[in-house]
1. Non-local amide H neighbours of Ile4 (under 5 Å, H modeled in plane, Pro and chain starts lacking H): which ones?
2. Project the alpha carbons of region 15-79 onto their principal axes and report the range along each, largest first, in whole Å.
3. Please list 3J(HN,Hα) in residue order for region 29-41, calculated via the Karplus relation 6.51 cos²θ - 1.76 cosθ + 1.60 where θ = phi - 60°; whole Hz, with x for glycine and proline.
4. Between Lys214, Lys85, Lys73, find the one with the highest GNM mean-square fluctuation for the chain; connect C-alpha pairs within less than 10 Å.
5. Select from Ile132, Ile34, Ile237 the residue whose mean-square fluctuation is largest in a Gaussian network model of the chain (Cα-Cα springs shorter than 10 Å).
6. List the aspartates and glutamates whose alpha-carbon lies under 18 Å from that of Lys196, not counting same-chain residues fewer than 8 positions away?
7. Counting only other residues whose beta carbon sits under 14 Å from that of Gln231, what net charge do I get with K and R as +1, D and E as -1?
8. First check a/c for region 56-164, with a ≥ b ≥ c the square roots of the eigenvalues of its C-alpha gyration tensor; if it is under 1.5, answer rounded, and if not, answer prolate when a/b is larger than b/c or oblate otherwise.
Amino acid sequence: MNYILECCCDSVESALAASAGGATRLELCSNLIIGGTTPSLALFQTVREAVNIRIHVLLRPRFGDFCYTDYEKSILLQEARMFRKAGADGIVIGALRPNGDLDHEFLESMIRQRGSMSVTLHRAFDVCRDPIEALEDAIRLGFDTILTSGGENNAVSGIGLLKKLYETAEGRIDLMAGSGISAEAIESILASVPLKSFHMSGKKVMESPMVYRKKSVSMGLRFLSEYEIWQTDEEKINEARLVLEKKYGKG
């Protein structure tokens with residue numbers, strides 16, 4: 001394949017829509033609305049049976065920063081082994097020290113669990129102290145891919161750093177642009193940086209099928225409706241695919 005179009009999904013329905021729209025790979029997680037956390041093994045197994053494209057699994061124990069406790073690190077190591085045994089094609093990981101550097105020792109121990117899986121450094125990279133130093137560290141550690149928005153809230157705003165990272169990497173590691181990715185965003189990025197890997201959710205907001213609605217009770221974040229479902233839109237994935245095919249061919 002001449003390009004990678006990865007879709008982050010937290011449901012079977014989203015995974016099916018992503019596959020139908022032309023995604024070449026999934027990043028499977030739970031709780032995408034808070035940036036994603038580790039999915040259940042049952043979700044992975046069900047998605048694995050439902051789609052026939054590569055599945056990379058996000059390993060993140062909680063919402064928030066990437067400075068983990070010993071208990072959280074132990075859980076992440078167990079999850080890496082668990083998903084390797086379950087047949088995941090890759091894992092998506094990241095951890096930082098309190099000073100904003102990559103947590104080299106822990107990440108080395110995670111990468112040792114990889115077996116034949118590929119390993120992506122997730123957007124912990126975007127909140128690290130020095131992105132160029134972190135790029136070199138990621139290469140030395142043996143990561144295959146860095147998922148990054150260029151240190152901004154969306155990848156279009158981060159084009160300047162994406163270009164600098166691309167030039168510094170010199171093909172030694174794959175750079176995948178993520179955050180705010182759409183067909184239009186891909187066109188904007190490709191006008192400045194010849195990246196071949198993109199990460200998107202392509203989400204749409206759907207109404208819950210619930211007829212009875214008790215809106216006075218909130219189960220989580222109060223500014224979010226309990227009666228909306230966020231799900232991947234097949235058409236948005238297809239639009240992004242067409243942009244990449246126009247640039248790089250069908251592979």
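Nothing in this text is a laboratory measurement; each read-out follows from the coordinates by a stated rule. Remember, predicted model here, so these are calculated numbers, not experimental data. Positions of Cβ are backbone-derived with ideal geometry, glycine not excepted, and every protein chain shown enters the neighbour counts.
1. It is Ser197, Phe198, by chain and number.
2. The principal-axis extents, from largest down, are 39, 21, 16 Å.
3. Each residue's phi maps through the Karplus curve to give 8, 10, 6, 4, 5, 10, x, x, 9, 4, x, 6, 4 Hz.
4. With Cα springs under 10 Å in the chain, the top fluctuation among Lys214, Lys85, Lys73 is at Lys214.
5. Among Ile132, Ile34, Ile237, the largest GNM mean-square fluctuation belongs to Ile34.
6. Those aspartates and glutamates meeting the cut-off are Glu6, Glu27, Asp144, Glu167, Glu170, Asp174, Glu184, Glu187, Glu239, Glu245.
7. Neighbour charge sum, excluding Gln231 itself: -4.
8. prolate
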